[in-house]
Each structure stands twice: as structure tokens, then as C-alpha cells.
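Presented below is the structure to which this report refers.
The values are calculated or read from the model by the stated rules, or taken from the named source; none is laboratory data. All figures in this text were calculated on a predicted structure; none of them were measured in a lab. Here the Cβ positions follow ideal geometry from the backbone for every residue, glycine too, while neighbour counts run over all protein chains shown. For accessibility, only protein heavy atoms count, side chains too; no ligands or nucleic acids. Shrake-Rupley method; radii C 1.70, N 1.55, O 1.52, S 1.80 Å.
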Amino acid sequence: MSRSFFQRQLPPTAGLPLLWRDLLPPRADFSDRLAQELGIPPPLLTCSGTAALIIALRTLQQRQPNRHRIIVPAWTCPLVALAAHYCPPLKIVPCDMEYGGINFDRERLAQLCDSQTLAVVVTHYAGRVADTAAVIKIAAAHGTAVIEDAAQSMGAKNAGESVGLAGDIGFFSLAMGKGLTTVEGGVLFSRSAELQKEMERQIARDLPWRAGWELRRIIELWGYRLMYHPDRLDWVYGRQLRSALNRGDAVTAVGDDFTVDDIPLHTLGHYRQRVAASALTRFSAWQQQNSLRAKSRLAELRQLAGVTVLQDGPHQQGVWPFFLLLMPDRASRDRAMQHLWTAGLGVTRLFIHTLFGYPAVMPLCLPSPIPNAEDFAARSLSISNSHWVEDDDFALIVSVLRAVLTT
Ligand SMILES: *Cc1c(COP(=O)(O)O)cnc(C)c1O
């Protein structure tokens with residue numbers, strides 16, 4: 001296929017674009033503003049969501065030094081499992097999910113959770129709200145902590161309350177593509193003032209200010225301001241995606257080719273915090289627009305026979321960075337991706353494999369049967385809910401899905 005120099009490339013998720021004035025930000029306390037915006041205690045800030053998880057785990061390890069296992073969903077970001085490398089001798093127990101959904105398989109979880117389990121990580125994928133209450137019930141019986149991984153769901157609410165507050169500890173990610181961004185960043189909090197204090201002390205010990213990393217991230221943040229636009233994203237995203245797919249390397253294509261060496265530990269610098277505080281003033285209006293757009297597009301996606309679209313249950317008010325879909329089978333998903341993945345329309349896959357599919361993660365994982373998570377990995381795809389996805393783009397995506405479903 002021939003491509004013009006300026007190939008249009010839609011972003012795979014709805015990231016909040018920066019304005020030039022965000023880069024010359026006034027003084028502001030980002031943590032206080034986040035607390036106000038989200039209705040959470042003033043959060044601690046880290047260099048990444050993964051670093052936030054590492055701090056959470058190390059803090060819990062101080063409390064219960066004899067527990068050496070954490071349970072995580074078998075289909076999740078490989079970084080979640082790699083965090084265990086920084087908390088020796090912690091090992092990962094991947095737990096299967098319910099069939100066709102984002103929650104744990106409760107029976108499996110109840111079997112796996114025991115007095116050796118330091119924590120269970122509940123994951124709010126794709127802006128959705130996972131069932132934390134069910135997990136708390138199982139974990140509490142063993143004195144096991146519950147961590148809410150809300151990396152993809154900042155702004156999502158359950159019964160009017162921010163995700164991350166029901167469990168012991170919650171965290172958001174400020175990585176590029178997750179919504180509000182500092183290029184990389186993490187937001188860590190607990191409804192327990194005591195745990196929050198302990199995590200604050202852990203951060204003071206473990207996260208130094210590192211000038212080299214901070215400078216690099218500031219340059220990248222300016223790069224985001226410049227390049228995060230459909231006219232320019234092909235240069236920094238689309239081309240790499242196509243060349244990785246041409247090599248048959250789907251893991252690199254979606255940016256999940258992480259190793260333990262990809263997790264620097266340092267602070268989140270003040271300049272980037274101020275940039276994010278400036279962008280935060282547009283956050284809630286922007287999320288409302290995303291929700292409105294999602295509502296009408298969800299109605300269209302629901303018409304596709306045999307397709308499951310992840311949505312909110314009663315009392316859940318999720319956010320909409322992208323739509324997460326399950327096709328009827330692997331073959332139809334793969335046919336859809338063949339037509340859509342390199343079309344520049346913002347259709348991609350979230351995590352390519354279950355945790356057992358990543359060589360860097362394997363040494364940290366204990367074996368466990370995970371048929372439903374395998375099925376989820378085989379059938380899922382994602383559709384961007386960026387405001388740059390026009391109605392025509394979306395109609396084209398739906399027509400391709402309809403076509404592959406009937407062949
Ligand atoms: C991105 C992500 C993380 C890690 O966050 P980073 O800020 O990229 O370190 C953790 N969990 C989930 C579900 C994620 O999507």
C-alpha cells in the first residue's frame with residue numbers, strides 16, 4: 001500500500017492533548033488539585049504507575065514480611081508482574097478471570113488466596129469499574145490487602161466514589177495514552193491515613209530525584225505537545241506499529257515489550273506536576289465529552305451480533321479512553337485486525353498475551369490454569385474513543401467489523 005508523507009494516524013486511546021500554555025504553567029499543587037478533582041486524599045506522586053505499585057507492595061511487605069505472593073489478573077499489563085522483581089522475594093500468582101469479563105473468576109481467587117498472600121491486585125481495565133467488593137470479601141478472610149490498579153481508569157467512579165478508595169491502596173497512571181499525562185507518572189493513595197503515611201516514608205527512602213530522567217521526561221512532554229495530533233502521530237507511533245507488525249512482532253507493536261530494566265525509580269518533578277495541574281483544569285469537561293461520544297457509539301457497537309462490548313453495570317460510572325470488545329472467536333478478531341490495525345483508525349489490541357506469554361515475566365510467575373484469560377487475550381480488540389475519531393472513521397470501523405463477522 002502506498003502512503004503519503006502525511007499519513008493520518010488516530011491515537012489508540014483518548015489522551016488529553018496539551019496546549020502551549022500548559023508548558024508555561026503557573027505554580028500549583030498538583031496533588032491538592034487531583035484530590036479536589038477526584039475526591040481522593042491528596043495523593044503521593046511517583047515516576048510511573050509501576051513505581052506506585054512497587055511502593056505499595058514494599059509498604060505492605062513492611063507490615064507483613066512473611067508473605068511472599070501477590071495475586072494479579074492473568075491478563076494484565078506485564079509491568080504489573082515485573083514490579084515483583086523490585087520487591088524480592090515476591091512472586092506473582094496469575095489468577096484466571098470470569099468468562100468474557102474483566103473480573104476475577106471468584107472461585108479460582110478463593111482457591112488461590114491464602115495466608116501467604118500479601119495482596120490481590122484488582123484491575124479497572126479500559127476505564128471500566130471492576131468488582132472490588134467481591135475481592136475484598138475473599139481477601140479479608142486471610143488478612144490479605146487489596147490494591148486497586150486503576151492505571152487506565154482515572155476519573156471512574158463506583159456509586160459516586162473514585163475507584164481506588166474501596167481497597168486498601170489505589171493507583172492511577174499518568175503515562176502517555178492513559179488520559180492526563182506527564183509522559184510517565186503515577187498517582188498513589190489510600191483511604192487509610194496510616195497506610196498513606198507509611199507509603200510517603202517509603203517514597204522518601206526509595207525514590208530519589210534523578211536529573212537525567214527528569215530532563216528526558218520534560219523533553220518527551222514537549223514532544224507530546226508537538227506530536228500528539230493525527231497529522232503527526234504516524235511519525236512517532238504509526239510507522240513503528242507497522243514495522244513491528246511486518247516483522248510479526250505484535251508485542252512490540254502495542255509497546256508491551258518490557259523488561260525489568262524498563263522501570264526507573266525516581267520522583268515526579270515539579271515542572272511536570274505543574275504542567276499536569278494546568279491540563280487538569282480541562283479534565284472533567286473533556287471526560288464528559290468522551291462519555292457523551294461513547295454513549296452513542298456504544299449503541300452502534302451493541303448492534304454487532306456476537307460481539308461483547310465492556311460496559312458499566314449499575315452504580316458504575318466508568319470513563320471512556322477506548323472501547324474494549326470481545327469478538328466471537330480468535331479468527332474473527334484476527335480478520336478484523338488484519339483490516340484495521342494498520343489503517344490509522346485507532347483500532348489496536350490491549351495486552352497481546354496473558355502473563356505467561358511474556359518471557360521477561362515468566363520467571364516471576366507461579367503456574368496456574370487460566371483458560372478464560374487466554375480466551376480474553378485471543379478475542380479482544382480495542383477501538384479508540386479519541387475526539388479525533390470522526391463519525392465517518394467510526395462508521396468505517398463498524399462496517400469492517402460487520403463484514404468480518406459475516407465471512
Ligand atoms: C499502564 C498500566 C500499568 C503501569 O502503569 P505505568 O504508568 O505505565 O507504569 C499498570 N496496570 C495497567 C492495567 C496498565 O494499563
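Some observations on this one:
- Residue ID - nearest to the ligand (Cβ to nearest atom), chosen from residues in region 80-114 that are of a type in the set (A, V, I, L, M, F, W, C) and closer than 25 Å to GLN311 by Cα: VAL80
- Count of residues meeting criterion [out of contact with any Phe, Trp or Tyr (no Cβ under 9 Å at 6 or more places or on another chain) and away from the ligand (no atom under 11 Å from the Cβ)] in region 116-127: 4
- Residues that are outside any loop (DSSP other than H, G, I, E, B) and open to solvent by less than 50 Å² (accessible area, probe 1.4 Å), drawn from region 317-342: PHE322, PHE323, LEU324, LEU325, LEU326, SER332, ARG333, ALA336, MET337, LEU340
- Within region 202-228, considering residues that are β-branched (Val, Ile, Thr) and surrounded by 14 or more Cβ atoms within 10 Å (Cβ to Cβ), the one nearest to LEU19 (Cα to Cα): ILE218
- Residues in region 204-232 that are touching a residue at least 12 places away in the same chain (Cβ under 8 Å), of a type in the set (Lys, Arg) and within 22 Å of ALA56 (Cβ to Cβ): ARG210, ARG217.
- Sole residue being in contact with a helix residue (DSSP H, G or I) (Cβ under 6 Å, 6 or more places away or on another chain), within 27 Å of LYS157 (Cβ to Cβ) and crowded, with 21+ Cβ neighbours inside 10 Å, chosen from ALA14, ALA81, ALA28, ALA51: ALA14
- Region 288-313 residues that are among the hydroxyl-bearing types (Ser, Thr, Tyr), paired with ones that are open to solvent by less than 80 Å² (accessible area, probe 1.4 Å) and assigned to a loop (DSSP other than H, G, I, E, B) (beta carbon under 7 Å, 6 or more apart): SER291/TRP320; THR308/GLY100
- Residue match in region 37-46 (condition: assigned to a helix (DSSP H, G or I), modelled with pLDDT of 95 or more and surrounded by fewer than 21 Cβ atoms within 10 Å (Cβ to Cβ)): yes
- Residues (among the aromatic types (Phe, Trp, Tyr) and either within 11 Å of the ligand (Cβ to nearest atom) or at positive phi (or both)) located in region 158-214: PHE171, PHE172
- Checked against the criteria, THR354 does not count as over 19 Å from the mean Cα position of the chain (by Cα) and either on the phi < 0 side of the Ramachandran plot or modelled with pLDDT of 95 or more (or both).
- Test: residue in region 57-64 that is in a helix (DSSP H, G or I) and farther than 28 Å from THR259 by Cβ: yes
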